[in-house]
Amino acid sequence: MNIKLDKYTPSSVASLFILLMEGGITPNQIMSGIILLATQSHELEGTMFSTECLHFLMKAIPVDTTAPGVTEFILSLANESTNIGMLLDAFAFACQKQGSRNIASLVSLTYQRLEADRVISQLIND
């Protein structure tokens, strides 16, 4: 699977994740921040399958909370207009570049499913 960044995802976020992983931060530690942001921001409320998607991802990539600074930094990205979709997209891209192809595929599929869910939910609610 060749993952490319969505046109709305800042490449700087993908670069950040790549640098974090090169510095020894694991994908599981990055997932901790993304999942916490997803639950705290309520960004995915009103969508049909988002919760199931995130639960699946958490089972496949168990969250590791041993890097609280990374988690806090990811949470702060919400102040910079970075949303969950962008984070998942950038995370999948970074995992692919770092050779974690299985994780990249799972995250990319979750991102695509969440984006589809968002569109479907919007159509149903309109």
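The numbers here are math on the coordinates, done by the rules we state, and not lab data. Owing to the predicted nature of the structure, the values given are computational and were not obtained by experimental measurement. Note: ideal-geometry Cβ built from the backbone for every residue, glycine included; neighbour counts use all protein chains shown.
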Charges at C-beta only: +1 for Lys and Arg, -1 for Asp and Glu. How large is the resulting dipole of region 11-125 about its Cα centre, in Debye rounded to 20? 300 debye
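What does the charge count around residue 50 come to, taking other residues whose C-beta lies under 14 Å from its C-beta (Lys +1, Arg +1, Asp -1, Glu -1)?
Details: positive: 113, 118; negative: 43, 45, 52, 115, 117.
Neighbour charge sum, excluding residue 50 itself: -3.
What does the net charge come to around residue 116 if you take all other residues with beta carbon closer than 15 Å to its beta carbon, with K and R at +1 and D and E at -1? Each step should come with its number before you reach the end.
Numbers: positive: 113, 118; negative: 6, 52, 89, 115, 117.
Overall, the nearby charge balance is -3.
How large is the helix-only mean residue ellipticity at 222 nm for the chain, computed as the sum of -39500 (n - 2.57) over DSSP H runs with n ≥ 4, divided by its residue count, in deg cm²/dmol to the nearest 500?
On the way: 6 runs with 86 residues, N = 126.
Rounded to the nearest 500, it is -22000 deg cm²/dmol.
Go through region 1-84 and name the trypsin sites (Lys or Arg not before Pro) that are in a DSSP coil and have 15 or fewer other Cβ atoms within 10 Å of their Cβ. Mind dumping the intermediate values first?
Working: sites: 4, 7, 59; in loops: 4, 7.
Of the trypsin sites (Lys or Arg not before Pro), the ones in loops of region 1-84 whose Cβ has at most 15 other Cβ atoms within 10 Å are 4, 7.
Residues with beta-carbon under 13 Å from that of residue 92, excluding residue 92: net charge, scoring Lys, Arg +1 and Asp, Glu -1? Let's see the in-between values first.
Details: positive: 4, 97, 101, 113; negative: 6, 89, 115.
Result for the neighbourhood of residue 92: +1.
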How much of the pair distance distribution for the chain lies past 26 Å, counting alpha-carbon pairs only, in percent? 13 percent
